[in-house]
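Asks: Quick one: the structure is below, questions incoming.
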Ligand code: FAD
């Protein structure tokens with residue numbers, strides 16, 4: 001008989017949580033409920049995404065500002081190059097700096113669908129994330145996170161070219177990378193090995209996505225392989241949100257446990273503005289609320 005899966009995990013981990021800016025009052029309530037529930041886990045930072053094409057500029061800013069004003073959490077504002085000149089980015093960066101925001105997740109961003117899915121830099125804008133990191137760093141001494149792709153960015157010419165690009169972003173001054181979500185620990189650990197061999201010494205946090213909607217995961221997955229066994233695990237659950245959420249939490253917790261066994265101690269959760277799954281996974285990994293520890 002094998003040992004219990006989560007036996008004796010000491011909780012010697014650090015976590016961070018990603019949220020998206022709410023569109024409605026109801027969503028705002030849900031977001032703040034999630035933040036309030038997750039805050040006692042003492043995240044090293046909480047990040048707020050930036051809508052495609054800069055569509056959430058104001059909402060990202062107001063969510064991040066509220067985090068600064070009303071919590072002691074460290075907020076990280078996502079920022080993309082899409083549809084913005086360097087001057088506009090500088091203005092946004094200045095506003096964040098003045099508001100007390102010190103952490104930016106710097107991204108190229110995806111082009112709006114109207115551009116046929118091909119990224120075209122703004123004529124006076126940044127050409128990609130590496131360029132953006134350099135621009136932000138020249139303006140203020142931000143703590144900067146960038147994106148990494150264990151299963152390769154869909155537009156990259158090759159795995160090596162993609163790794164070179166990650167290295168350029170880190171060389172430009174980024175302090176850590178956060179990965180696209182993945183379901184194969186092998187893919188993540190292989191990527192870490194290759195990054196190390198390429199001279200990358202900065203942390204590469206695994207991005208953990210508990211599967212709340214399998215259809216959405218399939219749509220968003222890009223190059224991320226969805227293993228057959230995972231798909232089978234969710235068979236017939238499309239119309240059963242309760243069991244689906246429980247299965248998703250178990251699957252993601254087991255992924256984290258295997259990452260932990262491989263030496264990972266920093267975990268980044270894509271929360272989709274819901275606390276339950278991320279909280280449950282942290283609990284299984286042995287993490288306890290700070291005040292009650
Ligand atoms: P880059 O690092 O600039 O790379 C883009 C592509 O171009 C890669 O294929 C790269 O290999 C290639 N490339 C770059 N430079 C060169 C070069 N000189 N020569 C050849 N090839 C090159 N999107 C949003 O809109 N808002 C968000 O808030 C957001 N948050 C995210 C958070 C995380 C953790 C992750 C992983 C992704 C996020 N995204 C977000 C998605 C991201 O914007 C897209 O994946 C986008 O397509 C690439 O962004 P990037 O920063 O990785 O781009």
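Asks: Could you tell me whether region 266-279 includes any residue that is buried (at least 16 other Cβ atoms within 10 Å of the Cβ), in a helix (DSSP H, G or I), in contact with a strand residue (DSSP E or B) (Cβ under 9 Å, 6 or more places away or on another chain) and modelled with pLDDT of 90 or more?
Replies: Yes.
Asks: When you check residue 139 against the structure, is it crowded, with 16+ Cβ neighbours inside 10 Å, more than 11 Å from the ligand (Cβ to nearest atom) and farther than 14 Å from residue 169 by Cα, yes or no?
Replies: no
Asks: Out of curiosity, is residue 102 in contact (Cβ under 8 Å) with a residue 12 or more places away in the chain, crowded, with 23+ Cβ neighbours inside 10 Å and either in contact with a strand residue (DSSP E or B) (Cβ under 7 Å, 6 or more places away or on another chain) or more than 19 Å from residue 21 (Cα to Cα) (or both)?
Replies: no
Asks: Right, something else. When residue 126 is evaluated against the numbered criteria (1) part of a loop (DSSP other than H, G, I, E, B); (2) touching a strand residue (DSSP E or B) at 6+ places or on another chain (Cβ under 8 Å); (3) surrounded by 21 or more Cβ atoms within 10 Å (Cβ to Cβ), which criterion, by number, is the only one it fails?
Replies: For residue 126, the failing item is (2).
Asks: I need a count of the residues in region 161-195 that are in a helix (DSSP H, G or I), without any contact (Cβ under 8 Å) to a residue 60 or more places away in the chain and either within 12 Å of the ligand (Cβ to nearest atom) or crowded, with 22+ Cβ neighbours inside 10 Å (or both).
Replies: Total meeting the criteria: 10.
Asks: Residues of region 202-236 being touching a helix residue (DSSP H, G or I) at 6+ places or on another chain (Cβ under 7 Å), within 16 Å of residue 151 (Cα to Cα) and not in a loop (DSSP other than H, G, I, E, B), which ones?
Replies: Listed by number, the residues that qualify are 204, 208.
Asks: Name the residue, out of 185, 179, that is touching a helix residue (DSSP H, G or I) at 6+ places or on another chain (Cβ under 8 Å) and within 21 Å of residue 129 (Cα to Cα).
Replies: Of 185, 179, the one residue that is touching a helix residue (DSSP H, G or I) at 6+ places or on another chain (Cβ under 8 Å) and within 21 Å of residue 129 (Cα to Cα) is 179.
Asks: I'm told residue 23 meets every condition in (1) within 16 Å of the ligand (Cβ to nearest atom); (2) in contact with a helix residue (DSSP H, G or I) (Cβ under 7 Å, 6 or more places away or on another chain); (3) part of a loop (DSSP other than H, G, I, E, B) except one. Can you identify the failing condition by its number?
Replies: (2)
Asks: A further question on this structure: Considering region 142-160 alone, what residues qualify as being without any contact (Cβ under 8 Å) to a residue 60 or more places away in the chain, closer than 14 Å to residue 179 by Cα and near the ligand (Cβ under 8 Å from one of its atoms)?
Replies: Within region 142-160, 146, 147, 148 meet the criteria.
For every residue, the table says whether it meets (1) in contact with a strand residue (DSSP E or B) (Cβ under 7 Å, 6 or more places away or on another chain); (2) in contact (Cβ under 8 Å) with a residue 24 or more places away in the chain; (3) more than 26 Å from residue 38 (Cα to Cα).
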| residue | (1), (2), (3) |
| --- | --- |
| 210 | no, yes, no |
| 224 | no, yes, yes |
| 228 | no, no, yes |
| 242 | no, no, no |
| 248 | no, yes, no |
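Asks: Could you check how many residues of region 26-65 are part of a helix (DSSP H, G or I), closer than 24 Å to residue 179 by Cβ and within 13 Å of the ligand (Cβ to nearest atom)?
Replies: Qualifying residue count, region 26-65: 6.
The values are calculated or read from the model by the stated rules, or taken from the named source; none is laboratory data. Since we're looking at a predicted model, the values are computed, not measured. When we count neighbours, we look across all protein chains shown, and the Cβ atoms used for this are built from the backbone with ideal geometry, even at glycine.
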